[in-house]
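Remarks on the structure that follows.
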Amino acid sequence: MRRAIALAARGLGSTSPNPVVGCVVLDQAGRTVGEGWHQRAGGPHAEIHALAEAGEDARGGTAVVTLEPCDHTGRTGPCAQALIEAGISRVVYAVSDPSPGAAGGALTLAAAGIDVEGGLLADEAAAGNAAWLTSVLHGRPYVTWKYAATLDGRTAAADGSSRWITSPESRSDVHRLRAESDAVLVGSGTARADDPQLAVRDVPGAVQPLRVVVDTEATVVRAG
């Protein structure tokens with residue numbers, strides 16, 4: 001399951017509005033024969049990638065998935081049915097799917113005679129899907145607050161001469177966080193003073209987030 005959680009993390013920033021999901025398929029002897037993760041919204045789900053890699057070795061084997069396999073047809077087919085058709089005999093998942101439209105995969109799998117177990121490393125898997133779960137369960141966005149300050153609580157030199165007060169390593173972390181986010185938001189004061197790019201840099205394959213400026217008086221951008 002920890003391998004599946006690590007695979008799921010590869011999809012952070014590119015699957016919205018879908019969750020990140022990882023899957024590992026084991027053969028009857030318990031050997032890994034297939035791996036996959038949900039790579040982009042509208043594309044094949046993690047289980048489909050893993051089953052394709054496993055091929056016939058999946059028959060009689062086990063699928064380990066970070067999220068309960070879906071039981072609905074959207075832009076792709078139901079993963080529960082794909083697991084049944086592949087001949088999987090056991091499914092272990094971490095987090096139950098709370099979305100009304102996709103939930104129910106565990107019941108479908110069990111009805112087909114597949115041994116189903118849920119809840120394995122659920123907290124670890126849920127942490128990796130915090131943004132999606134917050135949206136589904138609470139109807140609001142998941143917000144990460146990025147703040148850099150010196151030891152005396154300052155964010156920049158008083159005369160505006162400082163460009164950075166952080167290290168190259170911390171700035172690299174910021175771009176990784178941006179790459180995992182749907183949007184990057186700043187206040188109008190920051191936008192006027194710094195004219196920030198708010199873009200992801202040096203993260204190969206990153207999907208650029210939406211750039212948002214909170215501007216109560218609409219002073220940053222005006223119609224010409």
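May I ask you to list the residues in region 160-191 that are of a type in the set (S, T, N, Q), in contact (Cβ under 8 Å) with a residue 12 or more places away in the chain and surrounded by 15 or more Cβ atoms within 10 Å (Cβ to Cβ)?
Of everything in region 160-191, those that are of a type in the set (S, T, N, Q), in contact (Cβ under 8 Å) with a residue 12 or more places away in the chain and surrounded by 15 or more Cβ atoms within 10 Å (Cβ to Cβ) turn out to be Ser181, Ser188.
Hey, any hits in region 208-223 for a residue that's under 17 Å from Thr155 (Cβ atoms) and among the polar types (S, T, N, Q)?
No, region 208-223 has no match at all.
Residue-by-condition table, conditions (1) assigned to a loop (DSSP other than H, G, I, E, B); (2) free of Cβ contacts under 8 Å to residues at least 12 places away in the same chain; (3) on the phi > 0 side of the Ramachandran plot:
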{"site": "Gly42", "(1), (2), (3)": "yes, no, yes"}
{"site": "Leu51", "(1), (2), (3)": "no, no, no"}
{"site": "Gly55", "(1), (2), (3)": "no, no, yes"}
{"site": "Pro69", "(1), (2), (3)": "yes, no, no"}
{"site": "Leu83", "(1), (2), (3)": "no, no, no"}
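Evaluate the following for Thr76: is it of a type outside the set (Lys, Arg), within 29 Å of Ala183 (Cα to Cα) and either modelled with pLDDT under 95 or part of a helix (DSSP H, G or I) (or both)?
yes
Tell me whether region 189-196 contains one or more residues that are touching a helix residue (DSSP H, G or I) at 6+ places or on another chain (Cβ under 8 Å) and within 22 Å of Thr150 (Cα to Cα).
yes
I want to confirm something. Restricting to region 178-198 and keeping residues that are closer than 27 Å to Asp159 by Cβ and assigned to a loop (DSSP other than H, G, I, E, B), which single residue is nearest to the chain's Cα centre (by Cα)?
Among them, the one singled out is Leu198.
Scan region 17-35 residue by residue and report those that are surrounded by fewer than 21 Cβ atoms within 10 Å (Cβ to Cβ) and polar (S, T, N, Q).
Gln28, Thr32, listed by residue number.
Only one of Ala86, Ala46, Ala102 is buried (at least 20 other Cβ atoms within 10 Å of the Cβ) and at pLDDT below 95; which?
Criteria check complete, one pass: Ala102.
Among the residues of region 70-111, which ones are within 19 Å of the chain's Cα centre (by Cα), under 20 Å from Gln39 (Cβ atoms) and polar (S, T, N, Q)?
Scanning region 70-111 gives Thr76, Ser99.
The values are calculated or read from the model by the stated rules, or taken from the named source; none is laboratory data. Model, not experiment: these values are computed from the prediction. Glycine gets a Cβ as well: all are built from the backbone with ideal geometry, and neighbour counts include every protein chain shown.
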